[in-house]
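To start, the structure itself, in structure tokens.
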Amino acid sequence: MIRILFKDLLKPENSIEKEWYVTNGLGGFISSSVILCNTRRYHGLLNISLEPPYNRYHTLSSFEEDLVIDKKPFKLGVNQYPGVFNPEGYRFLEEFKFDLYPKFTYRLGKVYLEKEIFMVPFKNETIIIYRVENPFESNISFYFHPYFSLRSIHDLNSNEPPAFSDPKIDKKELKLEISKLSHPIRILSTSGIWKKGLDDLKNVIFSTEKHRGLDFSENLYMPGYLHFSSKASKIDFAIRFSAEAVTEFDPYLEKQNFINEKNKFIKESGAVEETDIILVGDASNFISLKKDRHGKFSKTIIAGYPWFEDWGRDTMISIPGLLLETNHEDIALEILINFTKYLKKGL
């Protein structure tokens, strides 16, 4: 487990250099810094492959939570603008943990908020699970603002907003029809009501892109927001972002499916020591399904996140470490057989 405490998160300039990734086994991934401030154009919370594992599309860039607790406001989001971070949600971040997926713990006066973020295995879905400890039963109003980019993963938005139809809202669901996607993006919540509200972000900057000498700012779009109020001592709820043809979901079942999929790979490797378990867990992120022109799936190896796909050279170099040392000879054989389809005169 990787653990970072509050005292190490006070300086955002240092915290944004620490990044995390979670993948879905289809070439899609979610990623950000440990304070959830995006520093790359590739950072995002629902990056999907339109042709697994290729043609990645950037959808949900970030989100912000606003809580009003007994009339006192707390803003948990973090975005970077020229010379300033706003909001400064990292000030309330008590702890960051990463054990297969990231977990964030915030202290808001006498209220604690914990959130976990992960992807559903082999689906283009991201789930956020929230737990709120409210021991004195304070009045809490919760607002959730999602911000979308809707672009190729390699591009940045110009001044023109991306093309999507007018958002459709049905109480606990917000739906976006996007021409690039075969299914609409559906945002489903287990608590609260979705409302329309076009409150965009302008000129958000990505500091790593700036350091690389590339374009580094873009606009993000918020088609709606979630709101609910509660005085309960314990509040549990979840939000799902999906580009799949599904409606209902069980966030805790999906979380267990994610953990089971990761633990299966780790268990088969025989890893026992904590360092080995972390390394094997990370190794599993690079194994992905690949869809051929007949719609059949087979295994492949991603050459690297966030921008690479599967390359023959990198695959051959990495097979011993990723698959043979982790006791996954069957996957290695499948990949080698699939790559023989691309042989030409011995190359």
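Throughout, read-outs are computed from the coordinates displayed, never taken from laboratory work. The model shown is predicted, which means the values in this text are computed figures rather than measured ones. Cβ placement follows ideal geometry from the backbone for every residue including glycine, while neighbour counts extend to all protein chains displayed.
Details
- Leading residue at positive end of dipole, the chain (Cβ point charges), from I259, I129, N55: N55
- Pairwise FRET efficiency - K71 versus F122, Cβ, R0 = 41 Å, nearest 0.05: 0.35
- DSSP loop GluC sites (Glu not before Pro) with at most 13 other Cβ within 10 Å: longest gap in the chain: 18-136
- Backbone N atoms of the range 289-325 closer than 19 Å to the 7 Å Cα→Cβ label point of I337 belong to residues 289-301, 316, 319-320, 323-324.
- Where trypsin sites (Lys or Arg not before Pro) fall in DSSP loop in the range 240-347, at most 14 other Cβ within 10 Å: R293, K296, K344, K345
- Note, ³J(HN,Hα) from phi for the range 139-148, Karplus 6.51, -1.76, 1.60, rounded to Hz, x at Gly and Pro: 6, 10, 10, 10, 10, 10, 10, x, 10, 10
- Rounded to the nearest Hz, the phi-derived 3J(HN,Hα) couplings of the range 198-210 under the Karplus curve 6.51 cos²θ - 1.76 cosθ + 1.60 (θ = phi - 60°) are 7, 10, 7, 9, 10, 6, 5, 10, 10, 5, 5, 5, 4, where x marks glycine and proline.
- For the chain, calculated [θ]222 nm from helices alone, where every DSSP H run of n ≥ 4 adds -39500 (n - 2.57): -5000 deg cm²/dmol
- Of K210/K255; K110/K202; K171/K264; K115/K195, pairs whose Cα-Cα distance is over 26 Å: K210/K255; K110/K202; K171/K264
- Residue of S32, S179, S230 that the Gaussian network model of the chain assigns the largest fluctuation, springs spanning Cα pairs under 10 Å: S179
- Positive-end ranking of H154, G28, T326 along the dipole of the chain, with charges on Cβ about the Cα centre, is headed by H154.
- In this Cβ point-charge picture (+1 for Lys and Arg, -1 for Asp and Glu), the chain has a dipole of about 520 debye about its Cα centre.
- Here the contact order of the range 16-142, divided by its residue count and restricted to Cα pairs under 8 Å and six or more residues apart, works out to 21 percent.
- Shape of the range 144-276, Cα gyration tensor, a/c cut at 1.5: oblate
- On the basis of the beta-carbon distance and an R0 of 35 Å, R107 and E268 show a calculated FRET efficiency of 0.35.
- Given +1 at the Cβ of Lys and Arg, -1 at the Cβ of Asp and Glu and no other charges, the dipole of the range 148-231 around its Cα centre is 420 debye to the nearest 20.
- Dipole magnitude of the range 1-159, debye to nearest 20 (Cβ charges: Lys/Arg +1, Asp/Glu -1, about Cα centre): 140
- Under a 5 Å amide H cut-off, with hydrogens placed 1.01 Å from N, T39 pairs with S33 among residues at least 5 apart or on other chains.
- Relative counts (whole %) of C-alpha pair distances in the range 212-328, using bins that are 10 Å wide: 9, 25, 29, 25, 10, 1
- Using a cutoff of 8 angstrom between alpha carbon atoms and counting only pairs six or more residues apart, the relative contact order for the chain works out to 16 percent.
- Among the trypsin sites (Lys or Arg not before Pro) in the range 56-165, those placed in a DSSP loop whose Cβ has at most 10 other Cβ atoms within 10 Å are K71.
- If you sort the three axes of the alpha carbon gyration tensor as a ≥ b ≥ c, you get a/c under 1.5 for the range 291-347, which makes it rounded.
- On full extension, the segment bounded by S179 and E325 gains 48.2 nm, given 0.36 nm per residue less the C-alpha separation.
- Using alpha carbons only, the radius of gyration of the chain set against its Kirkwood radius gives Rg/Rh = 0.97.
- C-alpha center-to-center spacing [the range 91-129, the range 201-249] in angstrom: 13
- Amide N of the range 100-127 lying under 19 Å from the label point, which is placed 7 angstrom from the Cα of D250 along Cα→Cβ: 118-123, 125-127
- Spin-label model distance (nm) - N203 vs S298, 7 Å beyond Cα toward Cβ: 5.1
- Each distinct pair of alpha carbons in the range 81-166 adds a 1/r term; the inverse of their mean, the Kirkwood radius, is 16.4 Å.
- FRET efficiency, E17 to E94 (Cβ-Cβ, R0 25 Å, nearest 0.05): 0.80
- Comparing G109, G312, G83 in a Gaussian network model of the chain (Cα springs below 10 Å), the most mobile by mean-square fluctuation is G83.
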